[in-house]
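The values are calculated or read from the model by the stated rules, or taken from the named source; none is laboratory data. Just so it is clear, the structure is predicted and the values come from calculations on it, not from any experiment. Using ideal geometry, Cβ is built from the backbone for each residue, glycine included, and neighbour counts are taken over all protein chains shown.
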Amino acid sequence: MVERVRLLKLLQGVNSEIELAALLREAAHQFDMSSFAIYDLPCRNAVQLKPYVRLTDTPTRFYDNYDRHELLRDSPMFNHLRKSTTPKLWRSDTLLHKRTEPRNAHVRDVLSEMGFEDAAVIPVHKIDGTRGAVIFSGSGVDISHYELGILGLIAVHAYDIFDLLNQAREALDNPLTARETEVLEWAANGKTSGEIAQILALSDHTINTYMNSAMRKLDCVNRTQLVAKALRLHLIN
């Protein structure tokens, strides 16, 4: 419990999204979770989850697989988020029970591959009323309602800090070079570093250098967040 209270205090000193991601990753581990993600709440007719990812340590392949099967379309978890402001622990059997049978196999495969059988889902919102969610995922999670409340406090504080950091970042002009922008546009179209290297007649190492430079400039922790943020800021088309 002392460690969890310490996390709340440390959040007040966060100055970058990288620091915030590190603390959220630590929070996930403190509650026996393996991953975290901050999302904007998808609109009702959305079928792709990746554009709503704001900050996460979840591998890109999870979102690729999730979106390939359009699992957001009938997600009981995200549907619930549109109607409730109460933190909730979701189990994969609940997610499967509320879907039609042909979809269950896809859901089971995508979640089990990442070890995401359970998810602590905390609804959050900005000062302007825009809604979102902080989700911690794992397997075999066993936390009490009290612990879920503590995790909820951490998530709400983290989301507030993330929003302030993002406002400061969006106030800046486009920091990307023309080549970094070009590489990101190809990445947004689903190309791997190797494929981009072939298209631009550059080495894989050079492409990864551009990617890493763009991640530092936009204060991102992985390619998924980088592409989503560049699209949101209209830095790429």
query: Assuming residue 156 fulfils every condition listed in (1) farther than 17 Å from residue 24 by Cα; (2) touching a strand residue (DSSP E or B) at 6+ places or on another chain (Cβ under 7 Å); (3) not small (Gly, Ala, Ser) apart from one, which condition is it?
result: (1)
- request: Considering (1) farther than 22 Å from residue 227 by Cα; (2) part of a helix (DSSP H, G or I); (3) at pLDDT below 85, say which one residue 151 fails and leave the rest.
  value: (3)
task: Check off (1) loosely packed, with under 15 Cβ neighbours inside 10 Å; (2) closer than 22 Å to residue 144 by Cβ for residue 80 and give me the number that stays unchecked.
output: (1)
query: Which helices (runs of 4 or more DSSP H) does segment 53-131 wholly contain that include 2 or more residues that are of a type outside the set (Lys, Arg) and either over 17 Å from the mean Cα position of the chain (by Cα) or modelled with pLDDT under 90 (or both)?
result: 76-81, 92-97, 101-114
task: Scan segment 16-45 for residues that are surrounded by fewer than 18 Cβ atoms within 10 Å (Cβ to Cβ) and among the β-branched types (Val, Ile, Thr) and jot them down.
output: 18
statement: Here the qualifying pairs (Cβ atoms under 7 Å; residues six or more apart or on different chains; first in segment 66-87 and within 8 Å of residue 48 (Cα to Cα) and assigned by TED's automatic domain parsing to the domain that holds residue 106; second charged (D, E, K, R) and surrounded by 15 or more Cβ atoms within 10 Å (Cβ to Cβ)) come out as 67/50
